[in-house]
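K.L.:
Dropping the structure in here first, questions after.
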Amino acid sequence: MKVCKKVLLLIAVIGQIFFGALAMNGVADNEVTGITGTSNMEEGISYYAGTTIPYDIRYPWYDFNLDKPNSKFANIAPKKASESNESSPAIETHRYGMDAIENEVKRIHPSVWSVRYYTPKVPWESGGTEPLEKISIHKEEDYFHFITYGLTELHDKESKDQTKSGFGMELTFKLKKREYKDQAEEQKELLNIALLLQKFAKYIIQENSIVKPYEDTYLVEGMYSKKNVGIDIAGTSNIVAFITVPDKDLQSLETPYGRVDFIALIGITKKELQALRNRKITEKELYEKLGTDVTSYNRKSVI
């Protein structure tokens, strides 16, 4: 069993979130959290669209010094055969990368009225600071389903490995709905998760890492404390780490650029994390014990 093979640092991000024309007490001072790698940090600015509120987001950005500027896939080595995994069997498609993913997402989320997108103003390939081209957030009855676009090759084949598209996977995350005082507060919490996924993507690129289901536990820590912090924007959630499992809704794809799997992140508590560290339970056993792929900020430990 591989427990805590990869450790991610969740830091309080430099800067604040400002809401355009909205004047809200207690909003501008909240920090945004995210996952980082080990590269050099400088202060940058990015803009996210997809809602009626314009966001001005200031937080660190990274220069990864890959083989060519802003190539997410430059360090991916060629392989002769696909790596085995426990995802669902791949389904054939003859559409390009973006279309293949979008069509599969539309299969389980057909409504165009219940989706919003967070998209960097400047694309990564044009010198932007966020590697994910977009993140879709689908509003279901009791949860939000986040899906990334950008860890696979969406438009052109760039990587040397012909068996998988880019890193071979996109990330997903289901967050249970909760009560918010207004829509702006809800949007701010959703944006926090979107930025968290952007940071996760940067870590994957920085480490040239392939995320597989049931194999890794991703630890979340505070920058100035050894104590774990919650993944919510306030850092007070019971959820302090992630395990990885196959997304049970989205099927794997065989695109013209290679295979695409969908890997779901499942939030876990401190007690569950400790049980994994002590090898009292495996990631797969913990997932089965949880009995759900929806993460609730305030749920109690099952250990």
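K.L.:
Considering the convex hull of the alpha carbon atoms of the range 148-207, report its projected area averaged over all viewing directions, in nm², one decimal. Before the final figure, lay out the partial values.
P.N.:
Working: hull surface 21.0 nm².
Over all viewing directions, the range 148-207 projects a mean Cα-hull area of 5.2 nm².
K.L.:
Checking a compactness column here: for the range 142-257, what do you get for Rg(Cα) / (2.2 N^0.38 Å), N being the number of residues? If you can, show how the numbers build up before the last one.
P.N.:
On the way: Rg = 16.0 Å, N = 116, 2.2 N^0.38 = 13.4 Å.
For the range 142-257, the normalised Cα radius of gyration comes out at 1.19.
K.L.:
For the range 179-187, what does the Karplus curve 6.51 cos²θ - 1.76 cosθ + 1.60, with θ = phi - 60°, yield as ³J(HN,Hα) per residue in whole Hz, taken in order and with x for Gly and Pro?
P.N.:
Per residue, the Karplus-derived 3J(HN,Hα) values read 7, 10, 6, 6, 5, 4, 5, 5, 4 Hz.
K.L.:
Could I ask something else about it? How large is log10 of I(q)/I(0) for the range 102-185 at q = 0.15, 0.27 Å⁻¹ when the intensity is taken from the Debye formula with one equal scatterer per alpha-carbon?
P.N.:
For the range 102-185, the Cα-only Debye profile gives -0.67, -1.36.
K.L.:
Counting each pair of different Cα atoms once, what's the Kirkwood radius of the range 253-295 in Å, rounded to one decimal? Please report the intermediate quantities before stating the final value.
P.N.:
Details: mean 1/r = 0.0816 Å⁻¹.
About 12.3 Å for the range 253-295.
K.L.:
Go through the range 162-175 residue by residue and turn each phi into a ³J(HN,Hα) via Karplus (6.51, -1.76, 1.60, θ = phi - 60°); whole Hz please, and just put x for glycine and proline.
P.N.:
7, 8, 9, 7, x, 7, x, 7, 10, 9, 9, 7, 10, 10
K.L.:
Quickly rank 123-131, 259-267 as a protection proxy: mean count of other C-beta atoms within 10 Å, highest first.
P.N.:
Packing proxy ranking, top to bottom: 259-267, 123-131.
K.L.:
Could you tell me which of the pairs Lys181/Lys300; Lys157/Lys284; Lys106/Lys174; Lys139/Lys248 are separated by over 25 angstrom between their Cα atoms in the structure shown? It would help to have the intermediate numbers written out before the result.
P.N.:
On the way: Lys181/Lys300 23 Å; Lys157/Lys284 33 Å; Lys106/Lys174 16 Å; Lys139/Lys248 17 Å.
As for pairs spanning more than 25 Å Cα to Cα, those are Lys157/Lys284.
K.L.:
I'd like to compare 246-255, 287-296, 194-203: which one has the highest average count of other Cβ atoms within 10 Å, and what's the full order after that?
P.N.:
Details: 246-255: 20.8, 287-296: 15.9, 194-203: 25.2.
Result, highest mean first: 194-203, 246-255, 287-296.
K.L.:
For Ala241, enumerate residues with amide H under 5 Å from its amide H, sequence gap 5+ or separate chain, H modeled in the peptide plane.
P.N.:
Correct list: Ile268.
K.L.:
Mind listing the long-range amide H neighbours of Lys164? Cut-off is under 5 Å, sequence gap 5 or more, other chains count too, H placed in the peptide plane at 1.01 Å from N.
P.N.:
Here Arg259 satisfy the definition.
K.L.:
Oh, and also: Determine ³J(HN,Hα), in whole Hz, for all residues of the range 259-273 in sequence, where each value follows from phi through the Karplus function 6.51 cos²θ - 1.76 cosθ + 1.60 and θ = phi - 60°; x replaces Gly and Pro.
P.N.:
6, 10, 10, 10, 10, 8, 8, 10, x, 10, 8, 4, 5, 5, 4
K.L.:
For Asp247, enumerate residues with amide H under 5 Å from its amide H, sequence gap 5+ or separate chain, H modeled in the peptide plane.
P.N.:
When sequence neighbours closer than 5 places are left aside, the close amide H contacts are Phe262, Ile263, Ala264.
None of the figures in this text is laboratory data; all of them are computed from the coordinates on show. Note that the structure is predicted; figures quoted are calculated from it, not measured. Using ideal geometry, Cβ is built from the backbone for each residue, glycine included, and neighbour counts are taken over all protein chains shown.
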